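The values are calculated or read from the model by the stated rules, or taken from the named source; none is laboratory data. Quantities reported herein were computed from a predicted structural model and do not represent experimental measurements. Note that we place each Cβ from the backbone using ideal geometry, even for glycine, and neighbour counts take in every protein chain shown.
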Amino acid sequence: MNKVDQKEIFAGFHNANLDQSRARLLKGNSYKDLSTVWISAIRGQRMCECGCGHIVNRGLDPTVVSTWIGMMRPMNQKFAGPFFIENMEVGEAYNAAVEMILANPELSKWKYMLTVEEDNLPPADGILKLYESMEKYDVVQGLYWTKGEMGQPMIYGDPKVMPKNFIPQVPVPDTLQECNGLGMGFNLFKIEMFKRLPKPWFKTQQDAGGGFSQDLYFYNNAGKEGYRFACDTRVKVGHYDIENKLVW
């Protein structure tokens, strides 16, 4: 082994590949403010998912908790939560969460709100990958599907197609896919949006013409103000059917 090769080895892998290492850090945005508040709305009592009509009262399932514990956080960044909002209608729960953040002298200055639903199983590196995608977008979500064999991807509406719609898009593998709306199962929101948008931010709205779930109500209004949304299809999130022990 010559002296040059030996010197590079002793310098370490990342130093020997400095351009590659720098590119990785820049892509991951780890040198920027990634302060994040984690919010989870817990429904408590609800209808059994098997269709029997019974009311069940359930806490978090161990399968869900184990994936949450395993999620990697950004190094040396402010990260708070999860904060649980329990036994509220889902739109009201998320409104209460945002109100809590904005009323807090410290949290109101933070950059992101992470929402993780009680039956979603994010990958260990999911949050880190979502941070990479926040340069051009105001909300970015991991890819997850509605439950069942005929499940649909939570990527709603193609901004290039007019008139505006929320028809589910076909996922494009391992890319950042812009859309008109998303779910809230595993999402990063820029907190600054909520300081500019009118209340209520989330609202379950049903009428004779159809209506919106709390998530699409938000995306419809925020989209009118020029905010942009995307699904990071690299981040594959399972949707857990607790009764049947299946991951969709």
- Task: Give the residue, chosen from Gly81, Gly151, that is within 16 Å of the chain's Cα centre (by Cα), among the small types (Gly, Ala, Ser) and either within 24 Å of Ile42 (Cβ to Cβ) or surrounded by 15 or more Cβ atoms within 10 Å (Cβ to Cβ) (or both).
- Result: Gly81
- Is region 223-235 home to any residue that is in contact with an Asp or Glu (Cβ under 7 Å, 6 or more places away or on another chain), of a type in the set (Phe, Trp, Tyr), closer than 24 Å to Val37 by Cβ and surrounded by 15 or more Cβ atoms within 10 Å (Cβ to Cβ)? yes
- Item | Residue that is nearest to the chain's Cα centre (by Cα) [pool: residues in region 64-78 that are of a type in the set (A, V, I, L, M) and surrounded by 15 or more Cβ atoms within 10 Å (Cβ to Cβ)] | Met71
- Query: Out of (1) surrounded by 15 or more Cβ atoms within 10 Å (Cβ to Cβ); (2) charged (D, E, K, R); (3) under 19 Å from Val140 (Cβ atoms), what's the single condition that is false for Glu118?
  - Reply: (3)
- Query: Does region 84-101 include one or more residues that are in a loop (DSSP other than H, G, I, E, B), touching a Gly at 6+ places or on another chain (Cβ under 8 Å), modelled with pLDDT of 90 or more and of a type outside the set (Lys, Arg)?
  - Reply: no
- Note on the structure: Exactly one of Asp138, Asp174 is acidic (Asp, Glu) and more than 28 Å from Thr63 (Cβ to Cβ), and that residue is Asp138
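This table checks each residue for (1) on the phi > 0 side of the Ramachandran plot; (2) modelled with pLDDT under 95; (3) of a type outside the set (Lys, Arg).
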position: Arg58; (1), (2), (3): no, yes, no
position: Asn76; (1), (2), (3): yes, yes, yes
position: Leu107; (1), (2), (3): no, no, yes
position: Pro159; (1), (2), (3): no, no, yes
- Query: If you check every pair at least six apart or on different chains, which have Cβ atoms under 6 Å apart with a residue in region 213-239 that is among the β-branched types (Val, Ile, Thr) first and a residue that is in a strand (DSSP E or B) and modelled with pLDDT of 95 or more second?
  - Reply: Thr233/Leu143; Thr233/Gln177; Val235/Gly142; Val237/Asn120; Val237/Gly142; Val237/Phe186
- Task: Could you check how many residues of region 102-111 are in contact with a helix residue (DSSP H, G or I) (Cβ under 9 Å, 6 or more places away or on another chain) and either under 20 Å from Lys199 (Cβ atoms) or assigned to a helix (DSSP H, G or I) (or both)?
- Result: 4
- Task: Only residues in region 177-205 that are more than 14 Å from Thr115 (Cα to Cα) count as the first member; pair them with residues that are of a type in the set (Asp, Glu) and assigned to a strand (DSSP E or B), Cβ under 9 angstrom, at least 6 apart or cross-chain, and list the lot.
- Result: Gln177/Asp232
- Would you call Val140 out of contact with any Pro (no Cβ under 9 Å at 6 or more places or on another chain), of a type in the set (A, V, I, L, M), under 17 Å from Phe229 (Cα atoms) and at pLDDT 95 or above? yes
